[in-house]
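Visitor: There's a structure below that I have some questions on.
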Amino acid sequence: ELLAKLLSAALSGAVGLWSGIPAGTALGLPAVLSGTAAVLGNLAAIAVAVLTYGWSGRLVRRFLARRRRGGTSSSKHRERLERIWAGYGLPGVALLSPLLMGAPLGTLLALLLGAPRRRLLRWMVASVVLWGTVLTGAAAFGLSVSGG
């Protein structure tokens, strides 16, 4: 049962920390376990994005090209990321993408913008661990205040 809860938090965390940490706590996991599982899931998704970039990058480019015409949220994500890239470079993209669009999508978009893989991976790991810690702390604090 514990393993199933941890895997659920990790899989939800692969999509985003915003969903993984609350999902784990909703399943009854302590905040620290929920946060750890979500962070590990998110890091795994980032690793998959970096490792499969040649293949997945082509898919994302095609997807964005189709969406660019319609002005959908995907093209808005890319435009937002391009502004961050221009103003703050790789550190800014890495620190903000987990909050704005999810680290895996932010990783793929940063690679499309020409970010070097190893440097991007280091920054994304640091960012996900940082935000995972902050969000886990917030979840733990919220649970302690609410009596949960």
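Visitor: Can you compute the helix-only [θ] at 222 nm over the chain? Use -39500 (n - 2.57) per DSSP H run of at least 4 residues, normalise by all residues, nearest 500 deg cm²/dmol.
Guide: Calculated mean residue ellipticity at 222 nm is -29500 deg cm²/dmol.
Visitor: Give the residue from LEU40, GLY16, ILE84 lying farthest towards the positive end of the charge dipole for the chain; charges sit on Cβ (+1 for Lys and Arg, -1 for Asp and Glu) and the dipole is referred to the Cα centre.
Guide: Projecting each Cα onto the dipole axis, the largest value belongs to ILE84.
Visitor: Ranked from the most accessible area to the least, with a 1.4 Å probe and all protein chains present, what is the order of THR133, THR36, THR25, THR107?
Guide: THR133, THR36, THR25, THR107
Visitor: Anyone know which of PRO91, PRO116, PRO104 comes out most mobile in the 10 Å Cα GNM of the chain?
Guide: Per the Cα network of the chain with a 10 Å cutoff, PRO116 tops the list.
Visitor: Would you list SER19, SER127 from the most to the least accessible area, probe 1.4 Å?
Guide: Heavy-atom accessible area, descending, gives SER19, SER127.
Visitor: Taking a 1.4 Å probe, which of ARG78, ARG83 shows the most accessible area, and what order do the others take after it?
Guide: Largest to smallest exposure gives the sequence ARG83, ARG78.
Visitor: By the gyration tensor of its Cα atoms, with a ≥ b ≥ c the square roots of the eigenvalues, what is the shape of the range 86-148: rounded for a/c under 1.5, prolate for a/b over b/c, or oblate?
Guide: Verdict is prolate for the range 86-148.
Visitor: In addition: Ratio of alpha-carbon Rg to the 2.2 N^0.38 Å globular estimate for the chain, to two decimals, please.
Guide: Rg over 2.2 N^0.38 Å, computed on Cα atoms: 1.09.
Visitor: Report the relative contact order of the chain, percent, no decimals, based on alpha-carbon pairs under 8 angstrom and at least 6 residues apart.
Guide: The normalised contact order for the chain reaches 27 percent.
Visitor: For VAL48 and LEU130, what is the calculated FRET efficiency with R₀ set at 30 Å and r taken between the beta-carbons, to the nearest 0.05?
Guide: 0.90
The values are calculated or read from the model by the stated rules, or taken from the named source; none is laboratory data. Please read these numbers as outputs of a predicted model, since none were measured by experiment. Every residue, glycine as well, gets a Cβ built from its backbone with ideal geometry; the counts of neighbours run over all protein chains shown. Note: areas computed on protein heavy atoms with side chains; ligands, DNA, RNA excluded. Shrake-Rupley method; radii C 1.70, N 1.55, O 1.52, S 1.80 Å.
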